[in-house]
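To start, the structure under review is shown below, and the notes come after it.
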2 protein chains.
Amino acid sequence: MTPEEMLDVAVGEARKGLAEGGIPIGAALFSADGVLLGSGRNRRVQNDDPSVHGETDAFRNAGRQRDYRSTVMVTTLSPCWYCSGLVRQFNIGAVLIGESRTFTGGHDWLAENGVAVTVLDDERCISMMTEFIEANPALWNEDIGVAQ
Amino acid sequence: MTPEEMLDVAVGEARKGLAEGGIPIGAALFSADGVLLGSGRNRRVQNDDPSVHGETDAFRNAGRQRDYRSTVMVTTLSPCWYCSGLVRQFNIGAVLIGESRTFTGGHDWLAENGVAVTVLDDERCISMMTEFIEANPALWNEDIGVAQ
């Protein structure tokens, strides 16, 4: 499975979230050999739940795993500190990121701590988040903890 | 409300978790003036959900807040990187910790980044986690991402 094909799964989740009226960030956790363990999306709006970011939803939906070192977390957007902390605590080995232009979280920190980080600069992800943030600045700020 | 009284709420959650067969870590989010916004506990075992740590459960149960800067996250145990990342991303202003002897997560990192961190070294928290880890090493390691 190519990185682009893995990202497609996360993009599909983000688009589902957008269609539901939510924040369009999607993620997926894959095994080293490309098996999808779980995917998910930001559900702040849909579930009225501030704790469900794309990455934490994918992590949850992958169920309990005994060893994350060979797994890959794919996400449409650079992971915030919350989601970066998830990656670091559970020793997820690699993070594949759609884009970090509209927001940059902790992916440099992850790289410094041994995580294999790839940023694809995917045009679909950039345009989806750019448009969403422009149309929904208050909701976006709420999701990243920026008080207004 | 004293720090000890705030910690009592988190200890109560941890004890509920223990009684349910879960990992005994509890947490609570308070407003600056001591109003309980939400409390919760680790639910890995109870919900078969690896994403629910004590702090993330308390954060969820507090609902969507517009400004976390004046809130206090109280937890029985030093927050892991996942939960430390949550605190940092949402600009939670203070963290009150029962103990950090059995496990030390990212609380020094939070302090370096402007979070007011207090560690109480509470004997109830120390003994509860010490006994739990001794009796359930595999489950504990699973919860902190240590592969076996």
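The values are calculated or read from the model by the stated rules, or taken from the named source; none is laboratory data. Quick caveat, the model's predicted, so the values are computed rather than measured. Reconstructed Cβ throughout: ideal geometry from the backbone, glycine too, with neighbour counts over all protein chains shown. Only protein heavy atoms, including side chains, enter the accessible area calculation; ligands, DNA and RNA are left aside. Shrake-Rupley method; radii C 1.70, N 1.55, O 1.52, S 1.80 Å.
Residues checked against (1) under 22 Å from residue B:18 (Cβ atoms); (2) of a type in the set (A, V, I, L, M, F, W, C):
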| position | (1), (2) |
| --- | --- |
| B:40 | yes, no |
| B:43 | yes, no |
| B:50 | yes, no |
| B:56 | yes, no |
| B:66 | no, no |
| B:71 | no, no |
| B:76 | yes, no |
| B:86 | no, yes |
Those residues of the stretch A:108-126 which are part of a loop (DSSP other than H, G, I, E, B), free of Cβ contacts under 8 Å to residues at least 40 places away in the same chain and surrounded by 15 or more Cβ atoms within 10 Å (Cβ to Cβ), in sequence order: A:115
Criterion violated by residue A:17 - all others in (1) farther than 21 Å from residue A:126 by Cα; (2) buried (at least 24 other Cβ atoms within 10 Å of the Cβ) satisfied: (1)
Subset of the stretch A:96-105 that is within 14 Å of chain B (Cβ to nearest Cβ) and not hydroxyl-bearing (Ser, Thr, Tyr) - its residue that is nearest to residue A:77 (Cα to Cα): A:103
Positions within the stretch A:44-63 being open to solvent by 50 Å² or more (accessible area, probe 1.4 Å), more than 7 Å from every other protein chain (Cβ to nearest Cβ) and closer than 26 Å to residue B:45 by Cβ, in sequence order: A:47, A:61
Residue that is surrounded by the fewest Cβ atoms within 10 Å (Cβ to Cβ) [pool: residues in the stretch A:127-148 that are among the hydrophobic types (A, V, I, L, M, F, W, C) and away from chain B (no Cβ under 14 Å)]: A:135
Residues of the stretch A:64-95 classified as open to solvent by 10 Å² or more (accessible area, probe 1.4 Å) and more than 7 Å from chain B (Cβ to nearest Cβ), total: 5
